[in-house]
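Everything below concerns the one structure shown next.
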Amino acid sequence: MNHTLARPTKPRHNHHLHGTMLLLTVCLSHAALASDNSPSSLQGVAIPVSPGLLDGNAPIVLDKIAAIQLGKALFWDSAIGSDGVACASCHFHAGVDRRTQNQLSTGVLHKKPSGLRFQKTASNAEGGVNYRLTAEDFPLHKLQDAHDKQSAVLFDTDDVVSSSGVFTQRFNTVNSNGDELDNCTPTKDKIFHLGALNTRQVQTRQSPSVINAAFNFRNFWDGRANNTFNGVSPFGARDVNAGVWVTQADGSVAKQALRLENASLASQAVGPVLSATEMSCAQRAFPDVGRKVLTRQPLANQTVHPEDSVLADLRADSGKGLNTTYESLIKTAFAPRYWAGSGDFGKPKASNAAPYQHIEANFSLFFGLALQLYQQTLISDQTPFDSPRLPNTYPQVPSALNEQQARGLKVFLDVECVACHKGPTFSSAVHPSLFNNDSSFESLRLINRKLLNGKGITQAIMDEGYFNLSVTPNDHDLGVGGRDPFGNPLSFTDQYLHELLSGKPLLDTIAVNACDFDSPFFVDFQARELTTDLYMTGSCGSRAALAQTPKLNILQAELKKRNQGRLMSATKGAFKVPSLRNVELTGPYMHNGSLLTLEQVVDFYFRGGNFQNPEHFAKLVFPQPNRIDAQQKADLIAFLKSLTDERVRWEKAPFDHPELAIPHGHDTMANGKLATDLMLTLPAIGKQGRDANLGPLLPFEAYLQP
């Protein structure tokens, strides 16, 4: 398949170090000046292309419109989950989840005993299963003085505010009677239960927005949704057994590896569907999902608005669901070589079940790519910030900003928020081509080496767009510093260090040039400790003298030192930089949902975070109580609110949707061994958006009890 991020094939020759410090000064000055520029509008910015998906001699998708229709139906259909949970159940409010009941999880990623039990809340309530959140419960790390990191800690917890998912059950088979619920057997849940009744499990991290996620190089908070889609799982080429079934020229069908680049949305989409906490009974397989829904009417029990921007032409006469099947949509959208073959494609778990068909066996491929193409329509680029720039202003001021918002933009730039929240998406976790305008870089700069602590002492290598802000101690959640199910580092950085030590290439097909780092190794290594960068791609141009890496003996010695010495990897406890677009509506904030309001977020940054992890990005997140006053804080928040797209606020096209009933806590009644759901029902919304009676979407705090 296609590979655009090729590894180098031969080493470069050595370079003289004459003029290195001058070059270094120029490079660092250039980086500093770049951060003073106001981000550009998102209008007209192209989504990174997946070569071979829609183009080339043999594209995978033949009908993009049908694929988008398929993707929207799959995203909003409650039949996709084992027990009535849709993808949209956690992404229905400006792309996030605004539910307030049964949304607490224990800090299960925290390996200490407290991670397996609920703690009291900041409001001194018992919390736990089925708890209804209040405004008093935030922030999850509460200080006597919110502006002073060193002030007395009044409350702290490793619990997480996240999203309710599925009951703990074991998959048996899909129901053959058209029931949207799978045939599953409840198993005892040691955490999520009310007495003897299982309750819905809650996830370990807050649900990030799907809006503008099309621009992300990787997805999920820890980046595990790989840029390369393998057709089956989130892990790209790391999953060596992944493959899709493809009809060959002689009519036979063979399993082939797929490597579709710039497709992290597809990689992300296939993860939750089989997760035993998010959407699935344990041990369900993707072909089982296909078998369940292929002949089913999409959205069969859900109202579709007659003016739905994508699905109106397929709306059933009854108003419920579509007038087609998932099988028909797949066969219209995708090339026949992925669904038309005959033969035995594996056996379901149920002993008396027929073997999977070709179209069932490849259902993960259709699901992932259809959701990617649908979510690529969810671009919010019509905000006041996206208006034409006023002439002769510095920074460049969008004409639709009011006076306070314009002042807030200047604060945003002056205090260097833009260093991480950069480019038109306001995130450095997107495809670097969106914010990296220096054409002299041969690599995408997915790894960088930066000043870590603001004192000119510690440099650290880190994944661009994934930073440790000390929201929680590292041992609560390793983030991108964790590992995939195969034991490999999630981070590009830790793969790169392994490459320097062993000579073995990175698992992920990215290029890394030492000369492209903000802080090249020459900053704090002596010339005699360095050697030519053997893994460089292309040319470093004017920075060629900086194409140096530490010698092997130096690498080995440094990595044995405390915090890896001068080769510190700032990946533990690091998380994806989210987009700030629509941030007014996407609370609660941070990976653990710990902050309620934008005011709390600003306080967090200006006090320098909550803790001081070794990998803490103190160059930008450090105590600075005198750098912003009350008026500047108000201006900054006003600017952040200018990043809201009114189409998102009012759910106008493309952000309209079918009806969806979402589990929202439990009552005390039993349903077998499962607690009975309370439901939050979203009405079907058409392309004109919400009416005055429904009103606009509101910030998360508006839905909480006082």
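The values are calculated or read from the model by the stated rules, or taken from the named source; none is laboratory data. Given the structure is predicted, the values throughout are model-derived calculations rather than measurements. Counting neighbours? That spans all protein chains shown, and the Cβs are built from the backbone with ideal geometry, glycine included. Each accessible area value is taken on the protein alone, full model and side chains, heavy atoms only, with ligands, DNA and RNA left out. Shrake-Rupley method; radii C 1.70, N 1.55, O 1.52, S 1.80 Å.
Between the helical axis of 64-76 and the longest alpha-carbon principal axis of the chain there is an angle of about 80 degrees. Average accessible surface for region 271-321: 38 Å² per residue, computed with a 1.4 Å probe over protein heavy atoms with every protein chain in place.
Close amide H pairs (under 5 Å, H built 1.01 Å from N) link F611 with no residue at least 5 positions away or on another chain.
Computed over the Cα atoms of region 491-627, pair by distinct pair, the Kirkwood hydrodynamic radius stands at 17.7 angstrom. The separation of region 279-308 from region 189-256, counted between C-alpha centres, amounts to 17 Å. Normalised Debye scattering of region 515-581 at q = 0.23 Å⁻¹ gives log10 I(q)/I(0) of -1.03, counting only Cα atoms as equal scatterers and leaving out solvent.
Angle between the Cα long axis of helix 492-502 and the longest principal axis of the chain, 0 to 90 degrees, nearest 10? Once rounded, one gets 60 degrees. Can you list the trypsin sites (Lys or Arg not before Pro) in region 594-648 that are in a DSSP coil and have 12 or fewer other beta carbons within 10 angstrom? Sparse-neighbourhood loop trypsin sites (Lys or Arg not before Pro): R627. What is the percent carbon and sulfur in the accessible area of the chain, measuring with a 1.4 Å probe over the protein chains and ignoring ligands? Whole-percent figure for carbon plus sulfur exposure: 53.
With all protein chains kept in place, the per residue accessible area of region 549-679 amounts to 37 square angstrom at a probe of 1.4 angstrom. Between amide H atoms placed 1.01 Å from N, distances below 5 Å from F467 occur with F575, V577, all of them 5 or more places distant or on a separate chain. Could you give me D for region 613-706, from Stokes-Einstein at 4 °C and 1.567 mPa s, where the hydrodynamic radius is the Kirkwood radius over C-alpha pairs? Units µm² s⁻¹, please. Result for D is 73 µm²/s.
How would region 124-221 be classified by its alpha-carbon gyration tensor: rounded, prolate or oblate, with rounded meaning a/c under 1.5 and the a/b versus b/c comparison settling the rest? Cα axes put region 124-221 in the oblate bin. Please report the relative contact order for region 328-432, taking Cα pairs under 8 Å with a sequence separation of at least 6, and give it as a percent rounded to a whole number. In percent, rounded to a whole number, it is 12. Taking every protein chain into account, the accessible area of region 158-241 amounts to 33 square angstrom per residue (probe 1.4 Å).
Computed from the Kirkwood radius of its Cα pairs, the Stokes-Einstein diffusion coefficient for region 156-201 at 10 °C and 1.306 mPa s stands at 127 µm²/s. Taking every Cα-Cα distance in region 560-642 and sorting them into 10 Å bins starting at zero, the pair-distance distribution P(r) comes out as 15, 42, 30, 11, 2 percent. Projected over every direction and averaged, the convex hull enclosing the alpha-carbon atoms of the chain yields 31.7 nm². Its Cα gyration tensor gives region 176-287 an equivalent ellipsoid, and the semi-axes of that ellipsoid, as √(5λ) in whole Å with the largest first, are 30, 22, 12. Percent of Cα pairs in region 491-549 per distance bin of 10 Å, from zero to the largest separation: 23, 56, 22, 0.
Using a/c under 1.5 as the rounded threshold, could you call region 663-703 rounded, prolate or oblate? The axes a ≥ b ≥ c are square roots of the C-alpha gyration tensor eigenvalues, and prolate needs a/b larger than b/c, oblate otherwise. Since a/c reaches 1.5 and a/b is larger than b/c, the shape of region 663-703 is classed as prolate. Over the chain, Cα pairs under 8 Å with separation of 6+ residues give a relative contact order of 20 percent. For F426, the accessible surface of its heavy atoms amounts to roughly 0 Å² (probe 1.4 Å, protein chains only, rounded to the nearest 10).
Amide H contacts of A661: L682, each under 5 Å away and 5 or more positions distant or on a separate chain (H built 1.01 Å from N in the peptide plane; Pro and chain starts excluded). Roughly what % of DSSP beta bridges within the chain run antiparallel, to the nearest 5? Roughly 90 percent of the beta bridges in the chain run antiparallel, per DSSP.
Couplings for region 684-690, taken from phi via the Karplus curve 6.51 cos²θ - 1.76 cosθ + 1.60 with θ = phi - 60°, read 5, 10, x, 5, 7, x, 5 Hz in order; Gly and Pro are left as x. Helices in the chain, meaning DSSP H runs of at least 4 residues, each add -39500 (n - 2.57). Divided by all residues, the mean residue ellipticity at 222 nm is -5000 deg cm²/dmol. Principal-axis analysis of the Cα atoms of the chain puts helix 630-641 at an angle of about 50° to the longest axis.
In summary, region 470-571 shows an alpha-carbon radius of gyration equal to 1.14 times the 2.2 N^0.38 Å reference for compact globular proteins. Measuring from centroid to centroid over Cα atoms, what is the spacing of region 615-668 and region 350-411 in Å? Each part reduced to its Cα centre gives a spacing of 15 Å.
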